[in-house]
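Everything below concerns the one structure shown next.
The values are calculated or read from the model by the stated rules, or taken from the named source; none is laboratory data. These numbers come from a predicted model, not from an experiment. Cβ: placed from backbone, ideal geometry, glycine included. Neighbour counts: every protein chain shown.
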Amino acid sequence: MTSIGTTGKPHALLSRVAALTLILALIVFWYWAFVLYEAPGNPDRLQDRSWVAAAEQRCSRMVAAVDELPAAAKSLSPAHRADVLDEATQLVDRLVADLRVLPGGTDDDLVLVGGWLGDWDIYLSDRRVHAERLRTEGDVRPYLTALPSGAGSHVERMNGFARVNDMENCLDPGDL
């Protein structure tokens, strides 16, 4: 008869139990991850969907009004394009002022919307600077203010926020 310590069978049994335990733990983890766990969603998604619907309606009206203005490609001169840009900027400015006082939203929503409207304020400033440059420098491309991190612009961030919240009409008008 051989002794248990010399055959290695307890180590083989222990290894099998450890491997089986690991496999079961992985199965349970992935089941939890794919079936049971509910992800919190995008942190920029607004909770008050009625606020989103009201904002989307206002943005839709602004888009329709901007679309009625002459297209930039049809402008006779950079100065004329600047005049049309000023008209569109006034429409966008009124939209932002309207969104600022739009009732509703949770406290967290209001913080998120405040940041979004701050991006709109910077975008409005960029539009005004571009109109002035069209008048003084001629046919120039618009400059969009970069985020402090340098990773993208305020326009990209504000459009991302609108997309996350299903507010496609609340994207920048795209008329620059």
Which residues, counting only those in the range 102-127, are under 19 Å from Asn42 (Cβ atoms) and under 13 Å from the mean Cα position of the chain (by Cα)? Leu112, Val113, Gly115, Trp116, Leu117, Asp119
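Condition check ((1) of a type in the set (S, T, N, Q); (2) under 14 Å from Leu134 (Cα atoms); (3) without any contact (Cβ under 8 Å) to a residue 60 or more places away in the chain) across all residues:
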site	(1), (2), (3)
Trp51	no, no, no
Cys59	no, no, no
Ala64	no, no, yes
Pro70	no, no, yes
Ser75	yes, yes, yes
Leu95	no, no, yes
Asp98	no, no, yes
Please report, ordered by residue number, the helices (runs of 4 or more DSSP H) entirely within the range 4-101 with at least 2 residues that are outside the structural domain of Tyr123 (by TED's automatic domain parsing) and of a type in the set (Lys, Arg). 9-31
Unique match (being within 20 Å of the chain's Cα centre (by Cα) and surrounded by fewer than 16 Cβ atoms within 10 Å (Cβ to Cβ)) among Ala33, Ala79, Ala73, Ala53: Ala53
Scanning the range 88-111 for residues that are surrounded by 15 or more Cβ atoms within 10 Å (Cβ to Cβ) and acidic (Asp, Glu), which turns out nearest to Thr136 (Cα to Cα)? Asp93
For the structure I just gave you, tell me whether Tyr123 is of a type outside the set (Asp, Glu) and at pLDDT 95 or above. yes
Which condition does Arg81 not pass, out of (1) touching a helix residue (DSSP H, G or I) at 6+ places or on another chain (Cβ under 6 Å); (2) closer than 26 Å to Ala53 by Cβ, if it passes all the others? (2)
Out of Thr145, Thr106, Thr136, report the one residue that is farther than 18 Å from Val63 by Cα, without any contact (Cβ under 8 Å) to a residue 24 or more places away in the chain and touching an Asp or Glu at 6+ places or on another chain (Cβ under 6 Å). Thr145
Given the conditions (1) of a type outside the set (Asp, Glu); (2) closer than 29 Å to Asn42 by Cβ; (3) out of contact with any Asp or Glu (no Cβ under 6 Å at 6 or more places or on another chain), report the number of the one that Pro70 does not fulfil. (2)
Among the residues of the range 91-99, is any more than 29 Å from Asn42 (Cα to Cα) and of a type outside the set (Ser, Thr, Tyr)? yes
